[in-house]
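Below: one structure, written as structure tokens.
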Amino acid sequence: MTILERFRLDGKVAIVTGASSGLGVAFAIALAEAGAHVSIGARRTELLEATRERIGAAGRRGLATRLDVTSPEECERIVQATMKEFGQVDVLVNNAGIATAVPALREEPDDFRRVIDVNLSGAYWMAQASARVMTPGSSVINIASIVGLTSLGLP
């Protein structure tokens, strides 16, 4: 068995947050190419359809749902929509995230709270909603930014 065969996801279902652009799109397509059906969510719903079509082009079914991870209700809604469509959730990729591009000494409290609400609380709400339906052996993958490890030269 090859290494790629060991990582096949045939018969699995994944949810990817922040799947309207960038890494979220790449994760969704890679999971589909590995054999998973993929449920994708993001706030920018107008961009989700192109990703869903690419999932289909990889031979898998896709489900696109509006998702604001700061809302526990919306997190529960995408999980329930995924369960209705596919009957299971095996993988969650917590990819949704935002960042401010201002130095910490000039960051406004509301901007900081928004980053925490999306990046930390949103990952928690999605993991909580998904864990309610996941079976043993399922995976939660939390994506972080390199910005968390460096100041990028911002004073």
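Results, tabulated for the structure shown:
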read-out: The range 139-146 - phi-based ³J(HN,Hα) in whole Hz, Karplus 6.51/-1.76/1.60, Gly and Pro as x; value: 10, 10, 10, 9, 9, 10, 9, 4
read-out: With every protein chain in place, the range 46-155: carbon and sulfur % of accessible area (1.4 Å); value: 55
read-out: Whole-number D in µm² s⁻¹ for the range 24-77, Kirkwood Cα-pair radius fed into Stokes-Einstein, 4 °C, 1.567 mPa s; value: 116
read-out: Probe 1.4 Å, protein heavy atoms only - accessible area per residue of the chain in square angstrom; value: 57
read-out: Summed residue charge, Cβ within 10 Å of Val13's Cβ, Lys/Arg positive, Asp/Glu negative; value: +1
read-out: Tilt relative to the chain, helix 72-86 - C-alpha long axis, 0 to 90 degrees, to 10; value: 20
read-out: Long-range Cα-Cα pairs in the chain (distance over 20 Å), rounded percent; value: 49
read-out: Magnitude of the charge dipole, the chain, Cβ model with Lys/Arg +1 and Asp/Glu -1, debye to 20; value: 340
read-out: Base-10 log of normalised Debye intensity for the range 63-155 (one unit scatterer per alpha-carbon) at q = 0.26 Å⁻¹; value: -1.35
read-out: Inter-part distance where the range 1-51 and the range 110-145 are each reduced to a Cα centre, Å; value: 17
read-out: GNM result for the chain, Cα springs below 10 Å: residue of Arg61, Arg132, Arg106 fluctuating most strongly; value: Arg106
read-out: Charge sum, other residues only, whose C-beta stays under 14 Å from Pro72's C-beta, Lys/Arg counted +1 and Asp/Glu -1; value: -3
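The values are calculated or read from the model by the stated rules, or taken from the named source; none is laboratory data. Because the structure is predicted, anything quoted here is derived from the model rather than measured. Please note: Cβ atoms are built from the backbone with ideal geometry, for glycine as well, and neighbour counts cover all protein chains shown. Accessible surface areas use protein heavy atoms only, side chains included; no ligands, DNA or RNA. Shrake-Rupley method; radii C 1.70, N 1.55, O 1.52, S 1.80 Å.
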